[in-house]
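> Have a look at this one before I ask anything.
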Amino acid sequence: MDKNIFRGISYLRDGVQGSLIIVIFLALWELLPTVGIIDRVFLPPVSEVAMALVKMISSGSLIDHILISLQRAFLGFALAVLVAVPLGILMGWYKLFERFVDPLIQAFRNTSTLALYPVFILFLGIGEASKIAILFKAALWPILINTISGVKTVDPLLIKSARSMAVSNVFLFRKVVLPSSIPSIASGIRIGASIALVVLVAAEMIGAKSGLGFLIINSQYNFMIPEMYAAIVILVLLGLIINYALVWLEKKATGWKEEINI
Amino acid sequence: MALNNVNLEIRKGEFMALVGPSGCGKSILIDIVGGITQPNGGKIYIDGKPINGPALDRGIVFQGYALFPWRTALENVEFGLEANGIPKSERSAVAKKYLSLVGLSAFEGRYPYELSGGMKQRVAIARALAYDPDILLMDEPFGALDAQTREILQVELLKIWEETHKTILFVTHSIDEAVFLADRVAVMTARPGVIKSIVNVYLPRPRLDEETKSSPEFAKVRYDIWRLVKDEVAKSQQEVSYEMSVQSDLAEKVGA
């Protein structure tokens with residue numbers, strides 16, 4: 001009984017501690033433009049933004065933008081995972097293959113993603129394909145690099161130990177190399193997803209007629225400032241949700257790892 | 001070259017310990033016998049047949065446990081069986097038997113990070129025993145453990161050895177450990193390692209911790225081996241100090 005109360009109090013305390021800074025931030029956002037310290041034309045109070053958000057949701061336009069953005073992000077990102085993970089595994093496992101393709105990969109990797117966007121538009125047009133391609137290109141590298149390093153940095157003692165049990169190469173790969181590189185691959189995927197989201201917004205701002213990036217830039221052009229902030233808020237929330245979902249997945253996939261609390 | 005002209009014969013069912021100064025190639029010898037390192041020359045025979053790579057007639061236990069962190073204790077013990085196509089239900093039963101032999105039945109569902117060093121090494125021993133090899137190769141298996149755990153595991157290993165009748169080659173840098181465990185102790189020279197001599201240990205079995213270690217015979221064998229090892233340690237130390245003096249000369253020159 002006592003224990004439950006204590007636990008309840010500690011949850012409450014954690015909750016308050018965790019959200020206090022957000023509450024202060026929102027309070028300042030409301031207060032500063034209302035009092036006039038910040039020009040409310042450039043930063044409307046949070047209540048105004050919230051109202052705009054509700055209006056956009058009820059009219060249905062926001063949902064469409066969110067869905068199209070998510071669709072692009074997902075396609076580009078999923079394609080990157082599908083290519084980068086197998087390629088990274090091959091490169092990590094076959095040293096000769098890595099040495100062969102690495103120079104090209106290094107060159108592409110160090111080319112700014114957005115610098116290539118005009119090229120993508122040139123080839124793929126202004127439609128969905130060019131956006132998916134640019135997202136793919138952006139998300140590919142972190143996943144690829146992490147997968148390669150995951151495969152390459154398997155503890156040699158584990159390989160030795162497995163070899164001493166007369167395992168086949170296929171077994172060694174499936175049961176030792178792959179599971180031990182999962183954490184590295186998972187964090188590559190998480191980084192890839194967050195980069196994909198950043199590039200998505202930029203790409204939608206440069207050349208799109210829909211999506212959250214377009215919504216932000218278009219609201220700004222038309223001086224619909226509360227709507228602009230509403231779209232930014234949605235983007236932040238999406239980023240948070242995706243990141244937490246991936247962190248959760250990563251934890252699920254690496255449940256055998258000791259949790260380090262610093 | 002780490003090893004040179006090593007000639008060692010181990011009898012079936014024997015507990016052979018191998019001591020020598022650090023870096024004399026003891027661990028490499030284990031790797032070669034285990035078949036995971038190819039020697040530049042020479043041959044290893046088991047029952048008259050030359051070995052050709054790793055096989056399930058030999059099991060290795062490493063100092064660093066080498067447990068697969070994503071597998072539970074039970075799944076770790078199953079590894080060798082799984083790799084060689086034993087069906088799930090059968091290997092699980094075998095693994096449970098060996099986990100209970102090392103006293104860890106209650107921990108079969110734990111991941112390695114949830115186990116202490118001593119427990120991890122027990123799991124590793126169970127894993128090496130699970131596919132029933134004739135020979136157990138142990139490379140300083142208790143080297144990373146604290147003194148108390150080490151002594152407990154020594155006694156347990158002797159029990160397991162008496163129950164399972166394995167041939168054991170046990171590398172250690174502890175002379176006490178070698179004398180307490182082994183039928184014979186092989187002493188290696190400093191690099192390149194050669195077998196310097198083999199000392200018989202005629203202490204009665206079953207050996208019990210305090211009784212055996214406090215007996216005068218124990219002290220005598222221990223002293224004999226210590227004398228043999230001492231010169232070799234001195235030799236390998238000399239090499240180190242020579243290298244250091246060369247470095248300090250260089251440092252002076254650079255300084256001037």
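> Quick check on the exposure proxy: order B:Tyr98, B:Tyr45 from fewest to most C-beta atoms within 10 angstrom.
So the ranking, lowest neighbour count to highest, is B:Tyr45, B:Tyr98.
> Return the Cα extents of chain A along principal axes one, two and three, sorted largest first, each rounded to a whole Å.
On the principal axes, chain A reaches 73, 68, 31 Å in Cα extent.
> Additional query: Only four residue types carry charge here, +1 at the Cβ of Lys and Arg and -1 at the Cβ of Asp and Glu. Report the dipole size of the range A:1-43 about the Cα centre in Debye, rounded to the nearest 20.
That gives a dipole near 180 debye.
> Rounded to the nearest 20 debye, what is the charge dipole size of the range A:44-253 about its Cα centre when +1 sits on each Lys and Arg Cβ and -1 on each Asp and Glu Cβ?
That gives the range A:44-253 a dipole magnitude of about 860 debye.
> How far apart, in nanometres, would the label points at A:Ala115 and A:Leu32 be if each is projected 7 angstrom from Cα along the Cα-to-Cβ direction?
With each label point 7 Å from Cα toward Cβ, the separation is 3.5 nm.
> Here's something else I'd like to know. With the alpha-carbon atoms as the only input, what is the per residue convex hull volume for the protein assembly as shown in Å³?
281 Å³
> Measuring from the lowest to the highest alpha carbon on each principal axis, how far does the range B:132-238 reach, largest first, in angstroms?
Per principal axis, max minus min of the Cα coordinates gives 42, 34, 27 Å.
> Given 0.36 nm per residue, what is the gain on full extension from B:Thr164 to B:Lys88 after removing their alpha carbon distance, in nm?
25.0 nm
> Which pairs, out of A:Lys160/B:Lys166; A:Lys160/A:Lys252; A:Lys131/A:Lys175; B:Lys26/B:Lys230; B:Lys97/B:Lys159; B:Lys159/B:Lys220, put more than 26 Å between their alpha-carbon atoms?
A:Lys160/A:Lys252; A:Lys131/A:Lys175
> In the range A:1-43, how does Rg compare with the Kirkwood Rh, expressed as the Rg/Rh ratio over alpha carbon atoms?
Computed over Cα atoms, the ratio is 1.37.
> Within 10 Å of each residue's Cβ, count the other Cβ atoms and sort A:Leu70, B:Leu153 from fewest upward.
Ascending number of Cβ neighbours within 10 Å: A:Leu70, B:Leu153.
> Run through the range A:216-262 and list the GluC sites (Glu not before Pro) located in a DSSP loop whose Cβ has at most 12 other Cβ atoms within 10 Å.
A:Glu258, A:Glu259
> Going by how many other beta carbons lie within 10 Å of each one, how would you line up A:His65, B:His173, B:His165, fewest first?
The fewest-first ordering by Cβ neighbours comes to B:His165, B:His173, A:His65.
> Something else: Chain A: longest stretch without exposed chymotrypsin sites (Phe, Trp or Tyr not before Pro) (DSSP loop, at most 15 other Cβ within 10 Å), sites themselves excluded?
Result, exposed sites excluded: A:95-222.
> Per residue of the protein assembly as shown, what 222 nm ellipticity follows from adding -39500 (n - 2.57) for every DSSP H run with n ≥ 4, rounded to the nearest 500?
Counting only the DSSP helices, I get -21500 deg cm²/dmol.
> Averaging sequence separations of C-alpha pairs under 8 Å and six or more residues apart, then dividing by the length of chain A, give the relative contact order as a whole percent.
Result for chain A is 22 percent.
> Here is a follow-up. Computed from the mean reciprocal separation of all distinct C-alpha pairs, what Kirkwood hydrodynamic radius does the range A:154-262 have, in Å?
17.2 Å
> How many nm is it between the label spots at A:Val236 and B:Ile51, if each spot is 7 Å from the Cα in line with the beta carbon?
6.4 nm
> Continuing with this model, one more query. If I take all pairs of Cα atoms in the range A:210-262, what percentage of them are more than 14 Å from each other?
Of all Cα-Cα distances in the range A:210-262, 65 percent exceed 14 Å.
> At most 15 other Cβ atoms within 10 Å and a DSSP loop assignment: could you name the trypsin sites (Lys or Arg not before Pro) in the range B:1-64 that fit?
Passing sites in the range B:1-64 are B:Arg11, B:Lys12, B:Lys43.
> In addition: Note the full-extension length gain between A:Ile63 and A:Phe100 as 0.36 nm times their separation in residues minus their Cα-Cα distance, in nm to one decimal.
Full extension from A:Ile63 to A:Phe100 adds 8.8 nm.
> Taking a temperature of 10 °C and a viscosity of 1.306 mPa s, what whole-number D in µm²/s does Stokes-Einstein yield for chain B with Rh from Kirkwood over alpha carbon pairs?
81 µm²/s
We did not get these values from a lab; they are worked out from the coordinates using the rules stated. Every value quoted in this text rests on a predicted model; they were computed, and no experiment measured them. Methodologically, a virtual Cβ is constructed for each residue, glycine included, from the backbone with ideal geometry; neighbour enumeration extends over all protein chains shown.
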